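Starting off with a structure, shown below.
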Number of protein chains: 2
Amino acid sequence: MDFVLHKKDAFSKARAGEITTDHGKIETPVFMPVGTVGSVKGIHVRDLEQEVRARIILGNTYHLYLRPGIDVLRKAGGLHKFNGWGKPILTDSGGFQVFSLSHRRKLKEEGAEFQSHIDGSKHIFTPENVVDIQRVIGADIIMAFDECPPGDSDFNYAKKSMELTHRWLLRGIERFDSTEPLYDYGQTFFPIVQGAGFPDLRRQSAEFIANQNREGNAIGGLAVGEPEEVMYEMIQVVNEILPEDKPRYLMGVGTPANILEAISLGVDMFDCVMPTRNGRNGMLFTSKGIINIRNEKWKDDFSPIDPDGNSAFDLIYSKAYLRHLFIAGEMLGPQIASIHNLSFYMWLVDEARRQINQGTFFEWKEQMVKQLKVRL
Amino acid sequence: MDFVLHKKDAFSKARAGEITTDHGKIETPVFMPVGTVGSVKGIHVRDLEQEVRARIILGNTYHLYLRPGIDVLRKAGGLHKFNGWGKPILTDSGGFQVFSLSHRRKLKEEGAEFQSHIDGSKHIFTPENVVDIQRVIGADIIMAFDECPPGDSDFNYAKKSMELTHRWLLRGIERFDSTEPLYDYGQTFFPIVQGAGFPDLRRQSAEFIANQNREGNAIGGLAVGEPEEVMYEMIQVVNEILPEDKPRYLMGVGTPANILEAISLGVDMFDCVMPTRNGRNGMLFTSKGIINIRNEKWKDDFSPIDPDGNSAFDLIYSKAYLRHLFIAGEMLGPQIASIHNLSFYMWLVDEARRQINQGTFFEWKEQMVKQLKVRL
């Protein structure tokens, strides 16, 4: 993997860059649609490419390990061949899911024991086997196994958790560096900064992570219940330390405004279930503000879903029709809203990149952040 | 509307023809995907055109009247403008749904009183207002209001029901002929043959319907629980009477084999929820037989869903991936299976047409009917 910085904003920490992987280039800032079990919910792989214009998608180690399982993925020749997505894939390590989804998890030095949320079967994730599993999945970017402590953790818990994550990181790196990709393309490994809402811990973690000198770095454990200002402060603290010449990935964040603020703090990569999950519930993000498409006011509004939208579906379907689909419980409603929201998120990061390149990012960001919160 | 017969099969009653409407031509035999509330479940209108290659779709008066309601549809300028489908639409009259879906229905000479299955609100459908509603929906082909008696009705009930349907038909025709389309294209009106499983009643009904001399005729009240042989016998009896120079529409039928047998008995038009409903449950129809995609045997079968399939999705996705989507409960699974099944149904009627035109239909049909029932 390679990363080139094209442009740094003069009025913020925002940057425009480009990651190169064996599955193609990824212009940054970038948003990664979440394909938890190997499918971005409700969206054909072709529409993901042509309508959403996704440049990289995210898969989930925890989910893919449980279903379809690594035997099937190995026989398929990896996730790209299995789901038909030819561009880059990043896999989350499963750390977050073990702590948020699985049953009866037990944290040990060795790793995390847990029971599947599907059938109660017992498993263990270790820093080593999580690398092995991601080798089989064949993600272009694979993530270290970490513990993600709750947003309201006290200092002592957060510190112990961070130290465990650091010890796990060294073991993960050792496994990664002593193994080879299973398929005919390269893989890279990102460590994850933890430290909850404590600037001192975040600094300590960022230094530890930066010292590993990997090809990219991630910030985890944010947007897990802490106030937004704390999240922004943590990003700022961490990005002062993480090297400038490597991509920075803020995991699991967030609203369109969160993304713009984090870009202005020097983040390059994002993922979040919000555009698809909220879309399935009838919430649309647009450059003019937020639409609750179930609202009575759209009942006979026959204007396109989003006249400024990037996807063909934004113009083919009207607000009134989309509302009707949601009210009638038709699955096409969630499908359309998911594509719209993801294509809006892609527009957002693309426009941010354009504004950075032309030196107008900060002013544009300040205005957009207000606009994005308007309820239409 | 116009209908031209291109070719009659020498060894059966099968025919190849062409219907012309103001929304374009429809080659027959044809299958009409069911878009109950104005959307074919799970399928973007663009994929319906490009992947399924649908030539006409069906909407439902009962459902559309309840949601979004005729006010919205009138303001939209009709269903074509509302859902973005530019080719012909046929609307079912609502008769079948009033008797199968609604609550506390009460049959009177005037019409059918019923309570909405959605909110319990009270409504009445009459032969006249069902024409008016379909004028507002703006279907190219609108259907008469009929009573559809249960498959096991006794002779007396079936006779009374048929006679009511005939009286309703005369009222519907009067309303249709004394009103004009609301939009800038023509509409036509099909009467419906009833008579349950009784050849005498079917003959009587077919004569009554044929005598109305409309531009096309439908056969209703079949595939409602009676044995298949009875259904085929009724079609045969009726088609001996319905005029040859007008399209014949067999309502709500059926399996791929049912469709081929009915084509060989002289039917031109079909609709059925089976390809989408069964698709959503993981059942795939193919030219080699039936696939239950949830079956363990497809777990690591990475061959395309249907190598002979007509849709691009048949080749993009593998059986193993589609199985995984169903097992993991991903909505993309039902989406893919629905497109596959509909595009298979379209292939089936298109191939039947080709075989009719080259004089090989009967032999092909005999072989296919066996093949279609194989469990893969």
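Note every residue of region B:61-99 with a reduction of at least 50 square angstrom in accessible area, all protein chains present versus the isolated chain, computed with a 1.4 Å probe, or write none.
B:67, B:72, B:75, B:82
Right, next: Setting aside same-chain residues fewer than 8 positions from residue A:106, which lysines have a Cα under 27 Å from its Cα?
Straight-line reach from residue A:106, under 27 Å: A:122, A:159, A:160.
Something else: Please report, in whole Å, how far the alpha carbons of the protein assembly as shown spread along each principal axis, starting with the longest.
Result for the protein assembly as shown: principal-axis Cα extents of 90, 51, 43 Å.
If you don't mind, another one. Please calculate how many Å² of accessible area the protein assembly as shown carries per residue, with a 1.4 Å probe and no DNA, RNA or ligand atoms counted.
Result: 37 Å² of accessible area for each residue.
If you don't mind, there's one more thing I want to ask. For A:19, B:316, what's the largest-to-smallest order of accessible area, 1.4 Å probe?
Result, largest first: B:316, A:19.
I want to make sure I understand the PRE zone here: with the label point 7 angstrom from the Cα of residue B:155 toward its beta carbon, which residues in region B:197-220 have backbone N atoms less than 16 Å away?
So the set is B:197-205.
Hey, another quick one. Tally Lys/Arg at +1 and Asp/Glu at -1 over every other residue whose Cβ is under 13 Å from the Cβ of residue B:203; what's the total?
-2
Pairs A:87/A:319; A:7/A:81; B:297/B:370; A:246/A:365: which exceed 25 Å Cα-Cα?
A:87/A:319; A:7/A:81
Now for a separate question. Which residues belonging to region A:39-54 lose at least 10 Å² of 1.4 Å-probe accessible area when the assembly is complete, relative to their chain isolated?
A:39, A:41, A:42, A:43, A:44, A:45, A:46, A:47, A:51
Pull out a ≥ b ≥ c, the square roots of the eigenvalues of the alpha-carbon gyration tensor of region A:95-217, then state rounded if a/c is under 1.5, prolate if not and a/b is larger than b/c, and oblate in the remaining case.
Since a/c reaches 1.5 but b/c is at least a/b, the shape of region A:95-217 is classed as oblate.
Can you grab the distance from the C-alpha centre of region A:339-376 to the C-alpha centre of region A:279-316, Å, no decimals?
Here the answer is 17 Å between Cα centres.
Can you work out the PRE-style zone for residue B:363? Point 7 Å along Cα to Cβ, and I want the residues of region B:1-29 with backbone N under 15 Å.
Zone members listed by number: B:10-12.
Let me ask another. Given a 1.4 Å probe and the protein chains all in place, what does the accessible area of residue A:360 round to, in Å² to the nearest 10?
For residue A:360, the solvent-accessible surface is approximately 50 Å².
Sum -39500 (n - 2.57) across every DSSP H segment of at least 4 residues in the protein assembly as shown, then divide by the residue count to get the 222 nm mean residue ellipticity, nearest 500.
After summing the helix terms and dividing by residue count, I get -12500 deg cm²/dmol.
With all protein chains present, how much of the accessible area of the protein assembly as shown (probe radius 1.4 Å) comes from carbon and sulfur, to the nearest whole percent?
48 percent
Roughly how far apart, in whole Å, are the Cα centres of region A:25-78 and region A:216-241?
Using only Cα atoms, the two centres lie 25 Å from each other.
Restricting to Cα pairs below 8 Å that are 6+ residues apart, what does the relative contact order work out to for chain A? Please round to a whole percent.
19 percent
A further question follows. Can you pull the one-decimal nm distance between simple spin-label points at residue A:273 and residue A:207, each 7 Å off the Cα toward Cβ?
Rounded to a tenth, the inter-label distance reads 3.6 nm.
May I pose another question? Is the shape of region A:273-376 rounded, prolate or oblate, going by the alpha carbon gyration tensor and its root eigenvalues a ≥ b ≥ c, with a/c under 1.5 for rounded and a/b larger than b/c for prolate?
Working: a/c = 2.22, a/b = 1.99, b/c = 1.11.
Cα axes put region A:273-376 in the prolate bin.
Please report the antiparallel percentage of DSSP beta bridges with both residues in chain A, rounded to the nearest 5.
Bridges in chain A that DSSP calls antiparallel: roughly 50 percent.
Roughly what % of DSSP beta bridges within the protein assembly as shown run antiparallel, to the nearest 5?
Roughly 50 percent of the beta bridges in the protein assembly as shown run antiparallel, per DSSP.
What total accessible surface area, summed over both chains, is buried at the interface between chains B and A, computed with a 1.4 Å probe and given in Å² to the nearest 100?
3600 Å²
At residue B:6, label 7 Å along Cα→Cβ: distances to the other copies, nm, ascending?
5.1
The values are calculated or read from the model by the stated rules, or taken from the named source; none is laboratory data. Fair warning: this is a prediction, and the values are worked out from it, not measured in the lab. Neighbour counts are summed over all protein chains in view; Cβ atoms, including those assigned to glycine, are modelled from backbone coordinates with ideal geometry. For accessibility, only protein heavy atoms count, side chains too; no ligands or nucleic acids. Shrake-Rupley method; radii C 1.70, N 1.55, O 1.52, S 1.80 Å.
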